[in-house]
Every structure is written in C-alpha cells, then in structure tokens.
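> Right, I'll just put the structure down here and ask away after.
The values are calculated or read from the model by the stated rules, or taken from the named source; none is laboratory data. Computed from a predicted model, the values in this text were never measured in an experiment. Using ideal geometry, Cβ is built from the backbone for each residue, glycine included, and neighbour counts are taken over all protein chains shown.
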Amino acid sequence: MPPHSKKLFIVASLDEVSVLRKFAILFLISSIIPMGLLYFVYLKKSTTIGNAAMMIMVTGVLVGYFSIRSLLSKAISIAKDNREAMEPLLSPEIVDELNHGQNELVVLNSTLSAVTKQLQNNISELKIKNEELKVLDHLKDDFVNNISHEFRLPLAIIQESIRQVAEGMFGEVNDKQLKYCNMSLRNIDRLKALIDNMLDISKIKKGKFDVLKKDVDIVAIIKDVMFDFSLKMEKKGLAFQSDLPPALGVWADKDKIIQVLVNLVGNAYKFTEKGSIKISAMENGEFIECRVADSGIGIGPKDLPYLFSYFHQIGQWENHQDKGTGLGLVISKNIIDLHHGRIYAESQVGSGTTITFTLPKHSTIEENTQQGGTTP
Amino acid sequence: MKKILIVDDDVDIIELIENRLRKNNYEVIVSNDGDNGVKKALQEKPDLIIMDIMMPRMHGGEAVKLLKSYEDTKDIPVLFFTAMNSYLPNDSALDHVNVNGQFYPAITKPFEPNKLLSTIKSLVGE
C-alpha cells in the first residue's frame with residue numbers, strides 16, 4: 001500500500017468511530033423512552049411478574065449500554081493510539097499537500113483529456129491530409145505519364161528533321177553544320193532517355209512495371225551489351241575486360257537485365273576517362289553475382305548511400321558534361337528488386353566504382369505456382 | 001515499286017516519313033485521318049499501311065477493324081506507328097502492339113530510321 005493511501009485509511013477509521021459513538025447514545029435514548037412508558041404503566045398496575053420483568057428489562061438495557069460503551073472506548077483508544085502514531089503524517093501540511101495533490105490530479109486529468117482530444121483531432125486531420133496526398137501523388141503520376149507521351153511526338157519530329165538535314169538529304173552539310181546537328185541529336189537522345197525513364201518510374205510506382213521471367217543465360221546477355229559498347233570504348237581508349245564462365249543460367253527478364261547492364265556499363269563509360277571497365281559473373285549459392293567495375297572518378301562516402309535514390313546528383317559528377325537522368329540507378333534497383341536480387345555499390349574517389357547485383361538461378365516455388373508450374 | 005499508305009493526323013511526321021520512304025524508293029500516299037485512310041486504302045490498294053493509333057475522328061484500331069472487314073483491304077499488312085507506349089505490352093523497346101486483341105508490328109515515336117526501314121522491308125520487301 002503506498003504511504004498516501006495509509007494516511008487516508010486512518011482518517012477514515014477515526015470518522016467511523018465518531019459515528020459509532022453517536023449510534024451508542026442514540027441506542028440508549030431510544031431504549032430509555034419505551035422503558036419510561038412501561039414504568040409509567042407499571043406504577044398504575046403493579047404485579048409481581050410485571051415487577052420482575054421490569055427488573056430484567058432495565059438490567060438488559062444497562063448491560064447493553066455498558067458493553068457498547070466499553071467496546072467503543074476500546075475502539076477509541078486504538079484509534080487514538082493510531083492517531084498519535086500517525087500524528088506527524090496527519091499534520092495540516094500533509095492534509096494540505098494531499099488536497100493540493102488531489103487538485104493537481106484533477107487538473108492533470110482534464111489536461112490529459114484535452115491533449116487526447118487534440119491528438120485525436122490531429123490524427124483525423126493527418127488521415128485526411130494523407131488521403132489528399134495520395135490523390136495528388138496519383139494525379140502527379142498520371143500527369144507525368146501523359147506529359148511523357150505528349151513529349152514523344154514533338155521529340156520524334158525534331159529528331160528526325162535534324163537527322164535528315166545531317167544526313168545531307170537536302171544538300172551538302174559543312175562540318176560546322178554537322179557538328180551542331182550532332183550536338184542537337186545527342187541532347188535529344190538525353191531528353192528521350194529522361195522521358196523513357198520517367199515513364200518507367202511512373203509504371204514502377206503504379207505497380208505496372210511487369211517483368212517476364214524466363215531461364216536465360218546472363219553471360220550471353222553480358223557479351224551482347226559489351227559488343228554494343230565496344231566501339232565507343234575503343235574510341236575513348238578504354239579497355240574492356242571480362243571474367244566470365246562459358247554460360248550461367250538466371251531466372252530473369254532478359255530485356256530488363258539488358259536495361260540494367262546498359263545503365264551500369266553506360267555510367268562506368270561516362271565517368272571513366274582512362275583505364276578499364278571490367279565485367280564479371282560468378283555463382284554464389286542460389287544466386288549469380290554480376291560485377292561492373294570501372295577505374296573512373298569514383299563516388300565519395302557522402303554520396304554512396306544515396307546512389308540508388310531519385311534524382312540524386314553525385315557531388316563529383318555535378319560538373320560532368322554528360323550527366324545522367326538521375327533515374328537510371330533507381331530503375332536498375334527496382335528491376336533487381338523485382339527479381340528478388342540485391343544491388344550495391346562500392347567506391348573510392350579517384351580509383352573507381354564497382355556495382356554488384358545478384359539474380360536468382362531458379363524461380364521460387366511461389367513464382368512457379370503463379371506461372372502455372374513452369375519449371376526453371 | 002511498292003506503294004505505302006501513311007495514315008497520321010500529324011502532317012510534320014507524315015512529311016518526314018515520306019522523305020525517308022521516297023529516298024528508299026517507295027511510292028508514298030498519305031492520309032490525315034482514319035476515316036479518309038480507309039477510303040484511300042480501298043482506292044489505291046497499297047502494299048503496306050503505316051497507321052497512327054491516337055487520331056481524332058477515327059482511332060487507328062477502329063480504322064484497321066474496318067480495313068479487315070473489306071475483301072480488297074483485309075490482307076494488306078499494317079504497321080502501327082505510335083507515341084503511346086501504353087499500347088505496348090511491356091516497354092518501348094518491344095515492337096508489337098495489341099490492337100483489337102490481335103498483335104501487330106509496331107514502331108514507336110521517336111523512331112530509329114534503320115529499324116523503320118528494316119521492319120517495312122520485312123513486311124513488303126524492297
């Protein structure tokens with residue numbers, strides 16, 4: 001029992017004793033009145049039996065009164081003892097303190113209910129805001145989707161017009177003209193990549209970015225991507241190295257994996273001025289591990305954690321003439337996630353970056369059931 | 001010389017495709033909407049129809065449905081030409097569209113001229 005409740009209990013027992021005392025007096029008075037009436041009757045009609053009965057009644061009442069009195073005095077003395085023992089605890093300061101504490105509790109209680117009410121209001125406001133934000137996010141995705149489509153036609157017209165001029169379809173083109181036509185075409189490609197990426201992101205966010213997984217050879221895919229880059233690499237004076245077994249089966253969407261590899265090799269190519277790019281693939285348990293390692297400018301420890309985030313511009317890439325769309329790695333991460341693989345980067349500024357991704361060798365049981373029991 | 005009908009509501013893109021095709025020795029006829037495209041196809045009986053999808057008045061899919069209903073035009077191959085990659089089953093790199101529950105070859109805008117020409121070649125020959 002906490003000390004405060006003990007004090008309160010003692011106060012309460014003292015109150016009960018005083019009530020008992022009042023009860024004893026009341027008992028005495030209420031017995032004397034009928035007895036007086038009986039005595040009055042007895043005086044008028046005196047008999048021996050009546051006399052004896054009267055004597056017994058008077059004795060009974062007196063015995064009753066004195067026994068209650070003695071019980072009461074015992075109770076009072078116990079209560080007094082207790083009171084004396086608890087005297088310091090029952091000082092007016094403590095009673096004040098108790099009252100004050102009680103008042104504080106009342107105030108605290110009402111404050112708490114006010115706070116609870118406010119919190120409930122805030123929660124429902126937040127719920128409404130959350131719903132509004134969800135609607136806005138949907139609208140934004142639809143907007144991006146529609147706008148991206150609307151961009152494609154004018155872009156096709158601009159690209160094809162410049163291309164036809166650059167090809168000399170309408171007469172000879174001098175070097176300067178060709179240079180600026182090519183500059184336009186390069187930037188149109190950049191814009192096109194951005195639009196394609198935005199469309200992919202919008203599909204990913206809507207959950208409509210489907211992957212069609214099959215049993216495919218990752219080594220063959222890597223070799224195709226390397227072939228596509230070989231000419232560019234040679235022109236830039238970069239060495240292309242590889243460490244690949246003859247074949248490695250993975251359970252993956254071929255087009256999507258090409259997209260990831262083109263992205264990773266494309267980044268490595270962009271940010272490597274001299275040295276090499278090395279692609280390797282090997283088995284690791286139930287997964288195949290692929291690595292794209294370059295000897296480029298690298299990524300600082302401050303930027304590394306944000307490498308797979310939306311529109312994150314890497315510090316030392318900022319002034320690079322060929323910035324990406326800022327979405328390629330986000331899409332790559334999503335593609336690898338959809339394959340239940342992992343993608344991560346290791347890098348040191350000045351000595352290069354290595355990006356590793358893993359892909360499962362076989363389909364999971366879950367996927368097998370979804371795809372009607374296709375064996376890997 | 002093979003005859004190709006281009007049906008597209010955008011006159012600029014029509015002109016550019018026309019340049020490309022003429023340079024590659026194709027005869028070109030054009031139409032700016034689906035309705036008129038069907039009429040031109042019935043009159044001219046081209047070897048190939050390059051069809052836009054999103055067009056005012058008549059949707060490309062609707063025009064193809066009509067073309068398939070006429071004896072004279074039902075066997076003419078159709079190549080869809082669209083900026084709407086939501087018609088494509090997966091992404092813009094794929095080269096087929098699903099129109100009226102049937103798959104047709106497709107080229108997306110923006111396009112690669114070499115891919116356009118090789119697809120045309122595979123559908124009608126030189």
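> Could you tell me how many of the residues in the range B:39-52 are surrounded by fewer than 24 Cβ atoms within 10 Å (Cβ to Cβ) and touching a helix residue (DSSP H, G or I) at 6+ places or on another chain (Cβ under 6 Å)?
2
> Among (1) closer than 29 Å to residue A:364 by Cα; (2) outside any helix (DSSP H, G or I); (3) within 14 Å of another protein chain (Cβ to nearest Cβ), where does residue A:203 come up short?
Answer for residue A:203: the failing condition is (2).
> Could you please find all residues in the range B:81-126 being modelled with pLDDT under 85 and either among the aliphatic types (A, V, I, L, M) or in a helix (DSSP H, G or I) (or both)?
Passing the criteria: B:83, B:84, B:85, B:86, B:87, B:88, B:93, B:94, B:97, B:99.
> If you check residue A:150 against the conditions, is it exposed (fewer than 15 other Cβ atoms within 10 Å of the Cβ) and within 12 Å of chain B (Cβ to nearest Cβ)?
Considered against the rule, which asks whether it is exposed (fewer than 15 other Cβ atoms within 10 Å of the Cβ) and within 12 Å of chain B (Cβ to nearest Cβ), residue A:150 comes out as yes.
> Only one residue in A:178, A:133, A:112 is more than 14 Å from chain B (Cβ to nearest Cβ) and touching a residue at least 12 places away in the same chain (Cβ under 8 Å), so which one is that?
Going through A:178, A:133, A:112 in turn, the sole match is A:178.
> Pick from A:203, A:235: which is farther than 24 Å from residue A:287 by Cα and loosely packed, with under 14 Cβ neighbours inside 10 Å?
On inspection, the qualifying residue turns out to be A:235.
Table: residues versus (1) of a type in the set (Ser, Thr, Tyr); (2) in contact with a helix residue (DSSP H, G or I) (Cβ under 8 Å, 6 or more places away or on another chain); (3) assigned to a strand (DSSP E or B); (4) modelled with pLDDT of 85 or more.
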| position | (1), (2), (3), (4) |
| --- | --- |
| A:269 | yes, yes, no, yes |
| A:277 | no, yes, yes, yes |
| A:340 | no, no, no, yes |
| A:354 | yes, no, yes, yes |
| A:372 | no, no, no, no |
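> Name the residues in the range A:225-242 that are farther than 14 Å from residue A:264 by Cα and charged (D, E, K, R), would you?
Of everything in the range A:225-242, those that are farther than 14 Å from residue A:264 by Cα and charged (D, E, K, R) turn out to be A:232, A:234, A:235, A:236.
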